[in-house]
1. Looking at (1) open to solvent by 10 Å² or more (accessible area, probe 1.4 Å); (2) at pLDDT 85 or above, which is the one condition that is false for VAL468?
2. If PHE405 passes every condition in (1) over 23 Å from LEU495 (Cβ atoms); (2) in contact with a Gly (Cβ under 6 Å, 6 or more places away or on another chain) but one, which one does it miss?
3. When you check TRP107 against the structure, is it within 18 Å of the chain's Cα centre (by Cα) and either farther than 24 Å from LEU446 by Cα or buried (at least 23 other Cβ atoms within 10 Å of the Cβ) (or both), yes or no?
4. Across segment 463-505, what is the total count of residues that are of a type in the set (Phe, Trp, Tyr) and farther than 20 Å from SER92 by Cβ?
5. So which pairs qualify, if the first residue must be in segment 187-206 and free of Cβ contacts under 8 Å to residues at least 12 places away in the same chain, the second must be not aliphatic (A, V, I, L, M), the Cβ gap must be under 8 Å, and the two must be at least 6 apart or on different chains?
6. Pick out the one residue from PHE203, PHE187, PHE210 that is buried (at least 24 other Cβ atoms within 10 Å of the Cβ) and closer than 30 Å to GLN71 by Cα.
7. For residues in segment 267-304 being part of a loop (DSSP other than H, G, I, E, B) and among the hydroxyl-bearing types (Ser, Thr, Tyr), which is modelled with the highest pLDDT?
8. Please count how many residues of segment 138-169 are among the polar types (S, T, N, Q), open to solvent by less than 50 Å² (accessible area, probe 1.4 Å) and over 23 Å from VAL181 (Cβ atoms).
Amino acid sequence: VVKFRRTGESSRSEEDGISGEHEVQIEGVRTELEPVELGDGAAVPKEFANPTDDTFMVEDAVEAIGFGKFQWKLSVITGLAWANAMEMMILSILAPQLHCEWRLPSWQVALLTSVVFVGMMSSSTLWGNISDQYGRKTGLKISVLWTLYYGILSGFAPIYSWILVLRGLVGFGIGGVPQSVTLYAEFLPMKARAKCILLIEVFSALGTVFEVLLAVVVMPTLGWRWLLILSALPLLLFAGLCFWLPESARYDVLSGNQEKALATLKRIATENGAPMPLGKLVISRQEDRGKMRDLFTPHFRWTTLLLWFIWFSNAFSYYGLVLLTTELFQAGDVCSISSRRQEVKAKCSLTCEYLTEEDYTDLLWTTLSEFPGVLVTLWIIDRIGRKKTMALSFLVFSFCSLLLFLCVGRNVLTVLLFIARAFISGGFQAAYVYTPEVYPTATRALGLGTCSGMARVGALITPFIAQVMLESSVYLTLVVYSGCCLLAALASCFLPIETKGRGLQESSHKEWGQEMVGRGSHSPGESQE
């Protein structure tokens, strides 16, 4: 006897009965079936995915299809876009080189770094709005091609004003690259989401390592122009492969394109060798997508404001550490910076030092610290949750910053910078996991875009702290970074929503997590309507 309940919006006849339950006697079928026990937290087998509902949502389909070949391909392709971290790492290499070659004063060197972040800050919200209005794939493709074009042109800049404008335009394009996380997250099942988003950050770490290695080979022979041109290679590869990228099925459903969404889900199911859920795909169309006011509804107001400060602090501290690393390595230790700066001023305000082979080696070691940062975050984020992971990362960074007050040698300095960078990059990665999870599909790209924009404000300010303020007081500089991270740790603890183990919300017109209530997180014995 098979019992089933109608759960869709189909009409019922009077003969259906009041209860809505039906029994069908099937002849010739074994009635004694062995029970199947699932472990705690185990997923329902794919062959039993949503067997009785005559309607399903994109969330149901993504969970039923699971992680497979399609997601592996998507990881590599979107990871190539995420390797744009090369364009950021190049700032710490390019700045001392142009300072020497073009005899730039320190404020112009700092401006060269800041103009990139001005471009990113001014465009992040725009790219988020484009991705919510016209699709994730559209926004990502345009931003990557923009970055590639102006990144290559930067290598041909004849004078300072030219490279200043071109690097600003590169920053404008980089502002849209974080939308690759939005596209990626919307294709991931719940249990794999945090791990996968963290692992795609490996491409960012690989990009920075590749940039340092490229600089070691290219700078002594071909110079900084070829370094700028060759640094665009991952984006060039992405541009060639982006035709394969599908549009987000969640976006298609929200924009009313049911057939396209269903075709995308069937494509994923075919590539993964998994069955589609039975029934009809539910459309939850919403025309007013990507509206700033939706970020400040009562449900999201505090989340948005706290996340803006967290992202600001993350970028302010992360890029500050990247720039400080170059300064500290050239000085030898913290205590030597002040005396070294005064000696330089006594000689000439434009005296410079090129990066040595030892500087590049230490730069590589601190860059490699991002890999342990990924592993630590990967291990704790599903154990203690997103909020506590971010708080812990900020606290460790703050503690390491305070330890730099001691007059440690170069080896201990390298270790402290290694640990600090590992945890602040881990905090950044945790923010990239949390932010797409907490916002609904209708404003997910905009939410991530505005947070990314606030991060660029922090990155815009940090060169004047890590390079200009450092000339006055190294200790004041360290206090600023340490204090900012302590406040960010508190902000992480006060976030009102923990997204660990929760589904992605589709429409901003529904309560947070409403789609997954009674679906993915019900306990045995509960009924599902």
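1. Evaluating VAL468 over (1) open to solvent by 10 Å² or more (accessible area, probe 1.4 Å); (2) at pLDDT 85 or above leaves (2) as the failure.
2. (2)
3. Details: within 18 Å of the chain's Cα centre (by Cα): no; either farther than 24 Å from LEU446 by Cα or buried (at least 23 other Cβ atoms within 10 Å of the Cβ) (or both): yes.
So TRP107 does not fit the description; no.
4. Within segment 463-505, the first condition is being of a type in the set (Phe, Trp, Tyr), and the residues that meet it are 464, 475, 481, 494.
Keeping just the survivors that are farther than 20 Å from SER92 by Cβ gives 475, 494.
Adding up the residues that qualify gives 2.
5. As it stands, the answer is none, since no pair meets every condition given.
6. Numbers: PHE203 fails: buried (at least 24 other Cβ atoms within 10 Å of the Cβ); PHE210 fails: buried (at least 24 other Cβ atoms within 10 Å of the Cβ).
Answer to the check: PHE187.
7. Step one: list which residues in segment 267-304 are part of a loop (DSSP other than H, G, I, E, B), which gives 273-279, 282-291, 297-300.
Of the ones still in play, those that are also among the hydroxyl-bearing types (Ser, Thr, Tyr) are 284, 297.
On the way: SER284: 66, THR297: 84.
The qualifying residue modelled with the highest pLDDT is THR297.
8. Residues of segment 138-169 among the polar types (S, T, N, Q): 138, 143, 147, 154, 161.
Narrowing the set further to residues that are open to solvent by less than 50 Å² (accessible area, probe 1.4 Å) leaves 143, 147, 154.
Those left that are additionally over 23 Å from VAL181 (Cβ atoms): 154.
Qualifying residue count, segment 138-169: 1.
The values are calculated or read from the model by the stated rules, or taken from the named source; none is laboratory data. Every value quoted in this text rests on a predicted model; they were computed, and no experiment measured them. A quick note on method: Cβ atoms are made from the backbone with ideal geometry, for glycine too, and the neighbour counts reach across all protein chains shown. Note: accessible area is taken over every heavy atom of the protein model, side chains too, but ligands, DNA and RNA are not part of it. Shrake-Rupley method; radii C 1.70, N 1.55, O 1.52, S 1.80 Å.
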